[in-house]
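Accompanying notes for the structure given below.
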Amino acid sequence: MWQYIIIIVVLLIVALAITKSKKKDFKIEANRLVEYLGGKGNIINYEVLKSRFVVTLKNIDIVNKDGIQKIGAQGIVEIDNQLKIILGEEANQLKKYIDDLK
């Protein structure tokens, strides 16, 4: 009986370790996104509309769109000096994080 309990506990520990290693560190991802947007000094205004993070920038030419795609953006729409980045449920977290940066 004890052997089964020990095996179950070990399997649970391994499963938790695997799950934690696959989970993204949101702070690191958010820092990368701000960097890819040209830094916090390049961000004029930002808002969240459902799953989209809408950001108005001073200079859109310095944005690294490939980098933004690599960190998980599902799509990017550029209109003048504004980007609409589809992030899914992470959009609200990102807004809160950038609020803390400013």
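The values are calculated or read from the model by the stated rules, or taken from the named source; none is laboratory data. What you see is a predicted model, and the numbers here were worked out from it, not measured in a lab. Ideal geometry is used to build each Cβ from the backbone, glycine not excepted, and the neighbour counts take in all protein chains shown. We work out accessible area using only protein heavy atoms, side chains counted, and drop any ligands, DNA or RNA first. Shrake-Rupley method; radii C 1.70, N 1.55, O 1.52, S 1.80 Å.
Rank-order 2-14, 68-80 by packing density, defined as the average count of other C-beta atoms within 10 Å over each peptide's residues, highest first. Could the numbers behind the result be given before it?
Values: 2-14: 9.2, 68-80: 13.4.
Most protected by this proxy first, the peptides run 68-80, 2-14.
Here the dipole of the chain is about 220 debye; that uses its Cα centre as origin and unit charges on the Cβ of Lys and Arg (positive) and Asp and Glu (negative).
With kT/(6 pi eta Rh) evaluated at 25 °C and eta = 0.890 mPa s, and Rh the Kirkwood radius from Cα pairs, the chain diffuses with a coefficient of 160 µm²/s according to Stokes-Einstein.
Carbon and sulfur: what percent of the chain's accessible surface (1.4 Å probe)?
57
With each label modelled as a point 7 angstrom along the Cα→C-beta vector, the ILE13-GLN74 pair spans 3.8 nm.
Among GLU90, GLU29, the order of accessible area from largest down is GLU90, GLU29, computed with a 1.4 Å probe on protein heavy atoms. Based on DSSP H segments of at least four residues, each scored -39500 (n - 2.57), the chain has a per-residue ellipticity at 222 nm of -15500 deg cm²/dmol. To the nearest ten degrees, helix 26-36 and the longest principal axis of the Cα atoms of the chain are 30 degrees apart. Between the helical axis of 2-22 and the longest alpha-carbon principal axis of the chain there is an angle of about 10 degrees.
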